[in-house]
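Undergrad: Next up is a structure, given as structure tokens.
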Amino acid sequence: MSLRRRLIQIVTFLGGIYFFLEWLLPEDLNGFKFGAYHEQITNGFVAVGAMAIGLGLFNLLSVHGSVLIFKRRGWINSAALLVSLLLMTLVTALDWRATAGNSERSGKLFELRDFATKIEADFKAQRSGVPQWTQRNLALKNALQAELERLDEELRTLDFSAIGTASAAYGLILSDQTELQKKLPEARALMRELPLEETATPDFGVNARVAGITGELAVLYGDLLNRAYEFSAIKLVYRLLYDGLFVALGSAMFSLLGFYIASAAYRAFRLKSFESGLMLGAALLVMLGQIPFGLWIWSGLPDVRLWILEVPNSGAFRAIKFGAALAGLVLAFRMWLSIESESFSSQEQP
Amino acid sequence: MMVERMEMLITLLGGISTLAVFSFLIKENAFYRLFEHIFIGISAGIGLVVSIKSFIWPKLFAPLLGLDIVTYPDGTFSKSYEPATLLYLIPMLFGTLFYFIYSKRHSWLAKLVIGFALGASGGAAFKGFFNEMMPQLFGTFKPLLVFSGHQIDWFESFSNCVFIFTLLSVMYYFFFSIRSESRTLGRVGVAGRWLMMVSFGAFFGSTIMARMALLVERLQFLLDDWSAAVAALFRIWL
């Protein structure tokens, strides 16, 4: 056996050993927790697979790019594929950037909310290496004041009339805006109450209330930004591609199978034998039990349908599933030990 | 106004896409093929960005670059940088071996990472099998006689008996390695085949109804929303 082939088999084995041991070994092994870093290790495994993300893209670009460049048969289709791929990638990336920007804007308030509670938590835990709690409260007050002023200014200058004043969305946005403007003075008043004098037993009740109101403001501001974003140019172009093409084409492709399944049903349900009769009878009962016409024929049909699906159908499929899962397990074992994939680890081209 | 126009455009494009796919029912044509390619391009574009957005960025790059750490107004941090995250660079570098698949001379390096992924899925299959199958296996042990208070619930008892008989007879039908000359066991196998036919019929019926629901939704979209959008478009032109 060549060295390369042996190396591939060893790496294949190493790939599976962690998950196998994680399943096999007890959680606590004389104080040693084998799965303590399970999430990080799983992320590492997924990182290996994530690097393959460019393979599909590279294949699509090379196959359709060459068709387009050499103007082979069907080059218009390849051009359409490449344009839609690049356009969708660009628009989805811009949509991501815009939503991330909105999260960042409302996230500033969430950060201040967390900071308000963290001051108390750090004081109680007597955490070292952090400034005194009065200095931290002062920093919180200054940052909150600046953020509330920025928010107030933004709320006064925002104009959503382009959405259409008669639409329901416009009403919701205005309601968010009014609610935010109502809460701002309350937040300012609480902010001024933040204790800044050194005492032996500080009262962090105000910090908790500041955290509460800041969290409420953050949620409302986030809702407002998200609602307004739904009507931005990027979102509308994204929806044009997503709803107008992706969703419509996907649904139509799947519904197209409805026609083919109808013709398959004609062949499958021909009453040729007792067994095909059983199949036809069960299918008819299930289909009739699902539509209002079946209910009109006999009110008990939905119950019959449910019984067929839950009892004989469930029993038969569970038996098939047991067999298939057992076979899958054996195959996985053979794959892991490179018994199944002799040709894979050999020198031939993949 | 612009929003309304855009909504109309989305509906119009959705209708044209639906008709393009349905045109395949007549015969394969250029209109269908064009939209089929557009669908592949759009799906690949979404898939690429979504996988970066939902996994690669938040789980790998953000912790690696320390971008998930918040700096508070007093200069303290929400958490300290975890140098162990740098270890993610190892699987990421290993994952780049996938790209050697394009090299004739070094393609065996790609086999390393493909083998690793196969091995990982093989190892994970053990846990998956027991986590998924064990609850189902335990759930199979249903009481053959169900009591409701002090009385026997005949319907539930009958249903449980049918369930267990179906399960055992179908499993017996698939045990090709154990064949018995016994007529009784032979009949159990036949009953298993019949019950499987009932099950396939029920499954097929459910599938037909699911596909029909999608078809009805598309036809309703064409007849209600799309036709209204086309009429609105004509009104604007005229």
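None of the figures in this text is laboratory data; all of them are computed from the coordinates on show. No experiment lies behind these values; they were computed from the predicted model shown. Note: ideal-geometry Cβ built from the backbone for every residue, glycine included; neighbour counts use all protein chains shown.
Yes/no per residue for (1) of a type in the set (Ser, Thr, Tyr); (2) assigned to a loop (DSSP other than H, G, I, E, B); (3) under 30 Å from B:Ala124 (Cβ atoms):
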| residue | (1), (2), (3) |
| --- | --- |
| A:Phe254 | no, no, yes |
| A:Leu271 | no, yes, no |
| A:Ser276 | yes, no, no |
| A:Ala282 | no, no, no |
| A:Ser299 | yes, yes, no |
| A:Ala316 | no, no, yes |
| A:Gly323 | no, no, yes |
| A:Leu329 | no, no, yes |
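Undergrad: Just name the residue that is nearest to A:Pro302 (Cα to Cα) out of those in the stretch B:184-212 that are more than 7 Å from chain A (Cβ to nearest Cβ) and small (Gly, Ala, Ser).
TA: For the stretch B:184-212, the residue satisfying everything is B:Ala210.
Undergrad: Exposed (fewer than 15 other Cβ atoms within 10 Å of the Cβ), under 36 Å from the mean Cα position of the chain (by Cα) and of a type in the set (Phe, Trp, Tyr) - does that describe any residue in the stretch A:260-269?
TA: yes
Undergrad: Residue under question is B:Ser54, and the condition is that it be more than 9 Å from chain A (Cβ to nearest Cβ) and under 19 Å from A:Val48 (Cα atoms); does it hold?
TA: So B:Ser54 fits the description; yes.
Undergrad: Within the stretch A:33-54, how many residues are more than 7 Å from chain B (Cβ to nearest Cβ) and either touching a Gly at 6+ places or on another chain (Cβ under 8 Å) or polar (S, T, N, Q) (or both)?
TA: Qualifying residue count for the region: 2.
Undergrad: Being away from chain B (no Cβ under 11 Å) and of a type in the set (D, E, K, R) is the filter here, so list the residues in the stretch A:6-32 that pass it.
TA: Across the stretch A:6-32, the qualifying residues are A:Arg6, A:Glu27, A:Asp28.
Undergrad: When you scan the stretch A:226-249, how many residues do you find that are outside any loop (DSSP other than H, G, I, E, B) and more than 7 Å from chain B (Cβ to nearest Cβ)?
TA: Number satisfying all stated conditions: 11.
Undergrad: When residues of the stretch A:128-171 are filtered for being within 13 Å of another protein chain (Cβ to nearest Cβ) and either part of a helix (DSSP H, G or I) or touching an Asp or Glu at 6+ places or on another chain (Cβ under 8 Å) (or both), how many remain?
TA: 25
Undergrad: Kindly indicate the residue of the stretch A:267-282 that is out of contact with any Leu (no Cβ under 9 Å at 6 or more places or on another chain) and among the small types (Gly, Ala, Ser) and also nearest to A:Ser314 (Cα to Cα) among those meeting that condition.
TA: Per the criteria, the residue is A:Ala282.
Undergrad: Are there any helices (runs of 4 or more DSSP H) wholly within the stretch A:1-97 with 1 or more residues that are more than 33 Å from the chain's Cα centre (by Cα), and if so which?
TA: Correct list: A:3-24, A:53-69.
Undergrad: Pairs under 6 Å by beta carbon, first residue farther than 19 Å from B:Gly186 by Cα in the stretch B:153-168, partner charged (D, E, K, R) and in a loop (DSSP other than H, G, I, E, B), six or more apart or different chains?
TA: What qualifies is B:Asn160/B:Lys142.
Undergrad: Scan B:Glu4, B:Glu28, B:Glu36 and give me the residue that is among the acidic types (Asp, Glu) and within 25 Å of the chain's Cα centre (by Cα).
TA: Sole residue among the options that is among the acidic types (Asp, Glu) and within 25 Å of the chain's Cα centre (by Cα): B:Glu36.
Undergrad: Mind checking which residues of the stretch A:131-150 are surrounded by 17 or more Cβ atoms within 10 Å (Cβ to Cβ) and out of contact with any Leu (no Cβ under 7 Å at 6 or more places or on another chain)?
TA: If the condition is that a residue be surrounded by 17 or more Cβ atoms within 10 Å (Cβ to Cβ) and out of contact with any Leu (no Cβ under 7 Å at 6 or more places or on another chain), then A:Trp133, A:Arg136, A:Ala139 are the ones that fit.
Undergrad: Mind listing whichever residues of the stretch A:119-158 are touching a Lys or Arg at 6+ places or on another chain (Cβ under 9 Å) and farther than 21 Å from A:Leu184 by Cβ?
TA: Scanning the stretch A:119-158 gives A:Ile119, A:Ala121, A:Asp122, A:Phe123, A:Val130, A:Arg136.
Undergrad: Okay, next question. So in the stretch A:250-275, with the set limited to residues that are of a type outside the set (Lys, Arg) and over 27 Å from B:Leu25 (Cβ atoms), which one is nearest to the other protein chains (Cβ to nearest Cβ)?
TA: A:Glu275
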